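These notes are about the structure you will find just below.
Read the figures in this text as sums done on the coordinates, not as results from a lab. Only a predicted model underlies this, so the values are computations on that prediction, with no experimental measurement involved. Cβ placement follows ideal geometry from the backbone for every residue including glycine, while neighbour counts extend to all protein chains displayed.
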Amino acid sequence: MLGKKDNGTPASSGGQTLNTIIGRGTLFEGTMKVENSVRIDGTFKGELSCSGSLTISQTGEAYAHLEGKDIYINGIVRGTVRAEKVRLDSQASFIGDVYSNAFSVSEGAIF
């Protein structure tokens, strides 16, 4: 999913800049507002708002209120999700509320 733009800036597959990664083994608690995209490979607790896509990887966990343009979940999420598009991939486990114009759940996901 990660690539490089010509200027060397990491980018998400949607062409938006991925400027925030919460790495595996990292715990972040609090409120975060991000321009562009975010990827969570560690654990996030609190409120997160981003203007681009938000990805919760297979190793990622979020116990939070999440807002973004597109939200892709393949890890664990407990809380509220608000986005134009939400996708639960096959390894996703989600408990909470979803507010979205488009919502898809892959086979194997827990909702």
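Can you give me the C-alpha center-to-center distance between segment 51-90 and segment 15-48, rounded to a whole angstrom? Using only Cα atoms, the two centres lie 11 Å from each other. For Lys45, a cut-off of 13 angstrom between C-alpha atoms picks up these aspartates and glutamates, skipping any fewer than 8 places away in its own chain: Glu29, Glu61. For the pair Glu29 and Ile95, a Förster radius of 25 Å applied to the C-beta separation gives a FRET efficiency near 0.85, rounded to the nearest 0.05.
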